Amino acid sequence: MAVSATRRHFPPTSLFLLLITITSVQSIGVNYGTLGDNLPPPAQVAQFLKDRTTIDRIKIFDVNPDILRAFANTGILVAVTVPNGEIPALTDLAYARRWLAANIEPFYPQTKINYILVGNEILHWGPQNLVDNLVAAMRTLHQALILSGIKDIKITTAHSLGILESSDPPSLAKFRPGWDKGVLAPVLQFHRETKSPFMVNPYPYFGYSPENANFSVFHTNRGVFDKFTKRTYGNMFDMLMDAVYVSMMKLRYGDVDIAVGETGWSALGESFEQPRCSVENAAAYNGGLVRKYNSGRGTPLRPRKKVETYIFGLFNENQKTGPLSERNFGLFRPDFTPVYDIGIMREGVAAPLQPIQRPALPPSAGDGKKWCVPKAGATDAELQANIDYVCSQGVDCHPIQPGGACFDPDNVRAHASFVMNAFYQTEGRHEFNCDFSGSGSITFTDPSTSLYS
Ligand SMILES: *[C@@H]1O[C@H](CO)[C@@H](O)[C@H](O)[C@H]1NC(C)=O
């Protein structure tokens, strides 16, 4: 029954395509912060990222000329940030042109600068005169780029999610009154005109609680249902992103792209930051983010929009102030060893994985000979929840719908068997992709061949 459904859905060609998907290069962006007195020189960083990792874009919090020089001819995209204090002056076109000539033009196009962010989280941190001048500075800098004949650098600015008045459920989200029409509508109008993305910094990290732990870090969970849109959210990242999207739609800017300027998770914190800060949570969150990014899937409300994403951050930065967690957001230590594995090291590079929290795929998994099936004791209610969850995650569930090739046999166990395996295979075949709150298990025996043998 269930097993014949599985067989029909993995004919040789789709299995072949599946393997290609799984072995394709995982790319991602990272924020390269420099608040450390033990960080390697930019030239070494550029070489390391290019040769050893699949990171294909970085974002920096200034216009550091050493970094811009170091990334010349690496092919790695570089997003730079105008210091907040420059914003009022940049509303003057002559000043904006001088600023470009001094900070950008010497390095461009050898260094592939893709964005200039005009300040960082200005609405969140203020002061008011920066907020008041933000859109004008963005527009003037854009005009200066055009006058310099530079067409492929886009202007944006990053916003904290403090711009939202509410985010749960996403369908009822909206921007804070005052900022909505006063600042964000003009920012979005600018993005629409210049085809640049609206950039936000969502941190499910800050919404974590022991109760929603799995939902926060991309682990299997029952999801959160939005009764107004009838969409089920499988993770908090998607929920926050759709909250931003709905807020934009309410201002009639649903056509503007969204990019993630920063998101990440700290691997180590003080005792009061437990159990949130752990290597396991950081690896699960950032790893889930990389897999999601590379799947090309968007959010439940915008399933076909891949969201450009920059993880925070590249290194642990020992001079950041605040609690211990602030100094432990890095994917790498200053000596380039990875803090955990999220699948971004280039093939053939033996990453010295320190605490291995999630076992890498065992060699036998690489040949496509593992399947995820419902446990014998799993109840129909559990299996139905698994179907609802998987089908909300962008997995194609048409085959188990009426008229679909796997609709028969029409029972919950057969349908769950199909979707649970499809999810396990496409998410990268990690054991936790087949956990389903304890209702799934991995088998090494092809359930379909055992039926026929
Ligand atoms: C998270 O998932 C694990 C494994 O699926 C499960 O044992 C645990 O109870 C879940 N935690 C919560 C708070 O739901």
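The values are calculated or read from the model by the stated rules, or taken from the named source; none is laboratory data. Note that this is a predicted model, so its numbers are computed, not measured. Backbone-built Cβ (ideal geometry, glycine too); neighbour counts: all protein chains shown.
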- prompt: In segment 408-417, which residue that is crowded, with 24+ Cβ neighbours inside 10 Å and out of contact with any Leu (no Cβ under 6 Å at 6 or more places or on another chain) is farthest from PHE444 (Cα to Cα)?
  reply: HIS415
query: Regarding TRP125, is this residue among the aromatic types (Phe, Trp, Tyr), surrounded by fewer than 14 Cβ atoms within 10 Å (Cβ to Cβ) and touching a residue at least 24 places away in the same chain (Cβ under 8 Å)?
result: yes
- prompt: Failed condition for GLY377, given (1) crowded, with 19+ Cβ neighbours inside 10 Å; (2) modelled with pLDDT under 90, with all others met?
  reply: (1)
- prompt: Looking at segment 194-218, which of the residues that are under 30 Å from LYS151 (Cβ atoms) and among the hydroxyl-bearing types (Ser, Thr, Tyr) is farthest from the ligand (Cβ to nearest atom)?
  reply: THR194
query: From the set of residues in segment 418-450 that are within 16 Å of the ligand (Cβ to nearest atom) and aromatic (Phe, Trp, Tyr), which is surrounded by the fewest Cβ atoms within 10 Å (Cβ to Cβ)?
result: PHE432
message: Suppose we filter segment 221-250 for residues that are assigned to a helix (DSSP H, G or I) and within 14 Å of the ligand (Cβ to nearest atom); how many remain?
response: 1
message: Anything in segment 234-246 that is over 23 Å from ARG176 (Cα atoms) and in contact (Cβ under 8 Å) with a residue 60 or more places away in the chain? List them, or say none.
response: GLY234
message: Out of the residues in segment 110-143 meeting the condition of being farther than 21 Å from SER160 by Cβ and not in a helix (DSSP H, G or I), tell me which one is farthest from the chain's Cα centre (by Cα).
response: GLN110
- request: With the condition kept exactly as written, say whether any residue in segment 327-341 is outside any loop (DSSP other than H, G, I, E, B), at pLDDT 95 or above and more than 21 Å from ASP56 (Cα to Cα).
  value: yes
query: Here is a list of conditions, (1) within 21 Å of the chain's Cα centre (by Cα); (2) under 23 Å from ARG346 (Cβ atoms), and ALA43 meets all of them except one; can you say which number that is?
result: (1)
field: Qualifying residues in segment 406-428 (those that are over 19 Å from the mean Cα position of the chain (by Cα) and charged (D, E, K, R)) - the one nearest to TYR285 (Cα to Cα)
entry: ARG413
- prompt: Name the pairs whose Cβ atoms lie under 6 Å apart, with the first residue in segment 415-432 and more than 20 Å from ALA381 (Cβ to Cβ), the second modelled with pLDDT of 80 or more and assigned to a helix (DSSP H, G or I), and 6 or more positions between them or separate chains?
  reply: TYR424/ASN433; TYR424/CYS434; GLU427/ASN433; GLY428/ARG291
task: Go through (1) surrounded by fewer than 19 Cβ atoms within 10 Å (Cβ to Cβ); (2) within 16 Å of the ligand (Cβ to nearest atom); (3) over 23 Å from ARG429 (Cβ atoms) one by one and return the number of the condition GLU273 breaks.
output: (2)
